[in-house]
1. Connecting C-alpha atoms closer than 10 Å in a GNM of the chain, tell me which of Ile191, Ile142, Ile86 has the biggest fluctuation.
2. Averaged per residue, what accessible surface does the chain expose to a 1.4 Å probe, in Å²?
3. Calculate the dipole size of the chain relative to its Cα centre from +1 charges on Lys and Arg beta carbons and -1 charges on Asp and Glu beta carbons; express the result in debye to the nearest 20.
4. Compute all pairwise cysteine Cβ distances in the chain, then list the cysteines with no distance under 4.7 Å to another cysteine.
5. I'd like the FRET efficiency for Gln45 and His119, computed as 1/(1 + (r/R0)^6) with the beta carbon distance as r and R0 of 41 Å, rounded to 0.05.
6. Between rounded, prolate and oblate, where does the range 119-196 land on the alpha carbon gyration tensor, with a ≥ b ≥ c its root eigenvalues, rounded for a/c under 1.5, else prolate if a/b exceeds b/c?
7. What whole-number volume per residue, in cubic angstrom, does the convex hull of the C-alpha atoms of the range 86-137 give?
8. Mind running the shape call on the range 1-138? Use the C-alpha gyration tensor, a ≥ b ≥ c as the square roots of the eigenvalues: rounded below 1.5 for a/c, prolate if a/b tops b/c, oblate otherwise.
Amino acid sequence: IIKFAYREKLFIFADEVYQHNIYAEGSKFHSFKKVMNELGEPYNQMELASFMTCSKGYMGECGIRGGYAEVVNMDPKVMYMLEKSISAKCCPSVIGQACMDAVVNPPRPGEESYETWHHQVQGALTSLKRRAELVASTLNAIPGIRCNPVQGAMYAFPQIELPAAAVKAAAEAGQAPDVFYAFSLLEATGICVIPGSGFGQAPGTYHFRTTILPQEDVIIEMLARLKQFHIQFLNKFS
């Protein structure tokens with residue numbers, strides 16, 4: 001990505017908010033800034049903005065808004081205008097700023113709250129890893145659905161096979177096939193997924209995005225309802 005951006009003279013906006021959410025064995029997070037510096041000249045002189053937030057990550061506190069961007073190698077005149085623009089805007093809420101401070105300055109080993117903090121963080125990440133494995137394995141066990149391992153972040157993006165009759169029904173309804181599927185799922189079960197057509201999927205393929213965030217007992221029940229719906233949907237349009 002870095003070499004492509006250099007060749008095409010692009011400014012890199014790096015969404016690195018899931019840097020703690022790595023579940024796949026043998027995988028780890030590598031920041032764009034780190035890799036740019038490891039590559040050396042000319043890549044370490046590229047313009048980069050890296051984003052982090054307390055609304056995602058191991059906390060997943062989507063209701064708390066707080067975050068930052070680290071900007072490196074930006075043209076000084078552009079940086080001046082960016083800072084001028086930021087200073088004219090409203091700042092995040094106090095609770096969002098306090099939460100962000102806790103994320104970037106966590107307890108250190110030896111401090112009184114470190115063991116409690118470490119236990120809670122590892123517990124959250126371990127639970128997310130279990131849910132990631134559960135979602136992928138359950139989806140792969142459903143006829144007509146294929147899902148890659150959820151290696152990180154908070155989402156699964158399975159591919160679904162839709163019968164020709166379902167594709168035809170979607171066209172008659174004026175909807176993309178995966179949109180038709182998603183609305184049918186929502187109306188039948190109350191489960192909300194995001195159609196893959198909004199993510200630039202390959203023509204002729206159908207996907208949806210779903211989250212792994214619900215608590216484990218809830219996600220098991222949700223997946224059971226999704227499986228039942230999908231089988232009924234295939235039978236209806238076969």
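The values are calculated or read from the model by the stated rules, or taken from the named source; none is laboratory data. All values derive from a computational prediction rather than experimental measurement. All Cβ positions, even for glycine, are placed from backbone atoms using ideal geometry, and neighbour counts span all protein chains on display. Protein only, heavy atoms only, side chains kept; ligands, DNA and RNA dropped before computing areas. Shrake-Rupley method; radii C 1.70, N 1.55, O 1.52, S 1.80 Å.
1. Ile86
2. Details: 14310 Å² over 238 residues.
Using a 1.4 Å probe on heavy atoms only, each residue of the chain averages 60 Å².
3. Numbers: 21 positive and 23 negative charges, 103 e Å.
I would put it at about 500 debye.
4. Singleton cysteines: Cys62, Cys90, Cys91, Cys147, Cys192.
5. Numbers: r = 42 Å, r/R0 = 1.02.
FRET efficiency, Gln45 to His119: 0.45.
6. On the way: a/c = 3.20, a/b = 2.30, b/c = 1.39.
Prolate shape, in that a/c is at least 1.5 and a/b is the bigger ratio.
7. Numbers: hull volume 6.8 nm³, N = 52.
Dividing the Cα hull volume of the range 86-137 by its residues yields 130 Å³.
8. Details: a/c = 2.02, a/b = 1.33, b/c = 1.52.
It is oblate, given that a/c is not under 1.5 and a/b is not larger than b/c.
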